[in-house]
Amino acid sequence: MKKRKVKVIKKRKSTEPIKKDKKSIVLYLLIAVFSITLLFSAYKIYSIMSEYNKGTSTYDNLISEVKKDKEIDFDALKSINPDVVGWIYSEGTVIDYPVVQGSDNDYYLHHLFDGTSNSSGTVFLDYTKNKDFTSKNSILYAHNMKNGSMFASLMGYKDQEYYDAHKTMDLYTPDKNYEIEVVYGFVIDAYKWDDNGFASDDNVEDLLLHAKSNTTFDSGKTISSDDNIITLSTCSYEIEEGRYVLIGKLVEK
């Protein structure tokens with residue numbers, strides 16, 4: 001009798017567990033990526049806020065140390081930083097800062113008054129101008145910080161009501177004190193500013209003509225190239241590479 005071969009039927013393994021494993025791996029990877037992104041974002045926010053707080057506390061401490069009844073102790077300021085050339089103050093705003101002048105227009109964009117590296121920077125006078133503010137047009141630069149510090153409050157001059165409430169500022173220097181009579185304010189593309197050479201004392205008349213034609217408020221005042229002019233400049237974000245420029249007259253007190 002022939003032996004009958006028995007065919008063994010092997011059961012096929014289910015692919016369901018494999019599919020589940022793949023889905024789990026993808027899910028874990030997505031969770032990991034999300035967690036890393038969240039942690040990185042939290043770290044960036046913490047770093048930015050820490051820089052903001054460091055900048056604010058540094059200048060608040062400086063005010064308490066060197067400013068008494070609107071008198072500035074420039075000897076104390078010079079002992080901290082010999083680059084100091086003045087102090088600017090705008091009543092009712094956050095502008096209450098020392099003014100420095102460096103060897104270029106870059107260093108103080110990234111350093112506090114005491115030399116600490118910080119994105120808040122310091123208010124600084126253009127390095128090509130006379131440190132005693134006797135240039136035809138003394139130009140001050142500072143950041144438009146998102147926490148409202150430095151020159152962020154200049155954005156208010158885009159509205160007439162703000163100008164009406166802040167028509168003047170004060171500038172203190174080691175030798176003289178001035179009132180800044182605010183006259184014009186305007187938004188300009190940084191490239192147009194450079195192309196017209198508006199930072200040069202030789203082009204003050206052209207600058208004043210442009211300012212008068214484009215001012216965001218009406219001061220009812222005029223200013224000429226014979227006046228002692230001061231310009232405050234900061235970033236303005238309604239256009240790419242925009243700047244808001246405020247122009248005033250320095251009047252000795």
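The values are calculated or read from the model by the stated rules, or taken from the named source; none is laboratory data. Keep in mind that what you see is a predicted model, and the values were worked out from it rather than measured. For neighbour counting, all protein chains shown are included, and Cβ atoms are generated from backbone atoms with ideal geometry for every residue, glycine included. Just the protein is used for accessible areas: all its heavy atoms, side chains included, with ligands, DNA and RNA removed. Shrake-Rupley method; radii C 1.70, N 1.55, O 1.52, S 1.80 Å.
Ignoring the sites themselves, the chain has its longest run without GluC sites (Glu not before Pro) in a DSSP loop having at most 10 other Cβ atoms within 10 Å at 1-237.
Here the Karplus relation 6.51 cos²θ - 1.76 cosθ + 1.60, evaluated at θ = phi - 60°, turns the backbone of the range 150-162 into coupling constants of 6, 9, 4, 5, 5, 4, x, 6, 6, 10, 4, 4, 5 Hz, with x for every Gly and Pro. Calculated on C-alpha atoms, the gyration radius of the range 183-253 divided by its Kirkwood radius gives an Rg/Rh of 0.95. The radius of gyration of the Cα set in the range 141-202, together with its Dmax, comes out at 14.0, 36 angstrom. Springs join every pair of Cα atoms under 10 Å in this Gaussian network model of the chain, and among LEU208, LEU27, LEU171 the largest mean-square fluctuation is at LEU27.
Accessible area per residue for the chain is 61 Å², calculated with a 1.4 Å probe on protein heavy atoms, without ligands, DNA or RNA.
Placing pseudo-labels 7 Å out from each Cα toward the beta carbon at ASP206 and ASP132 gives an inter-label distance of 3.0 nm.
For the range 113-249, the direction-averaged projected area of the alpha-carbon convex hull comes to 8.6 nm². Three semi-axes describe the equivalent ellipsoid of the chain; taken as square roots of 5 times the Cα gyration tensor eigenvalues and ordered largest first, they are 60, 23, 16 Å. Start at zero, step by 10 Å, and the Cα-Cα distances of the range 53-164 spread as 13, 46, 35, 5, 0 percent across the bins.
The C-alpha atoms of the chain define a longest principal axis, and helix 16-66 lies at about 20 degrees to it. Model label sites at ASN177 and TYR237, defined 7 Å from Cα along the beta-carbon direction, differ in position by 3.6 nm. Length gained on full extension, HIS110 to ASP194, computed as 0.36 nm times the residue gap minus the Cα-Cα distance: 28.1 nm.
For the options ALA165, ALA199, ALA32, a Gaussian network treatment of the chain with springs between C-alpha atoms closer than 10 Å singles out ALA32 as fluctuating the most.
When the surface is traced with a 1.4 Å probe over the full set of protein chains, LYS70 keeps roughly 100 Å² accessible. Which of these, THR134, THR215, THR234, has the largest mean-square fluctuation under a Gaussian network model of the chain (Cα springs below 10 Å)? Result: THR134 has the largest fluctuation of those listed.
Here LYS70 is the anchor, and the aspartates and glutamates within straight C-alpha reach of less than 14 Å, apart from those fewer than 8 places off in the same chain, are GLU91, ASP96, ASP170, GLU179. Between ASP164 and GLU65, the distance separating the two model label sites (each 7 Å from Cα on the Cα→Cβ line) works out to 4.1 nm. Remark: the range 69-193 carries a charge dipole of roughly 400 debye about the Cα centre, counting +1 on each Lys and Arg Cβ and -1 on each Asp and Glu Cβ.
Seen against the Cα atoms of the chain and their longest principal axis, helix 204-214 is set at about 60 degrees.
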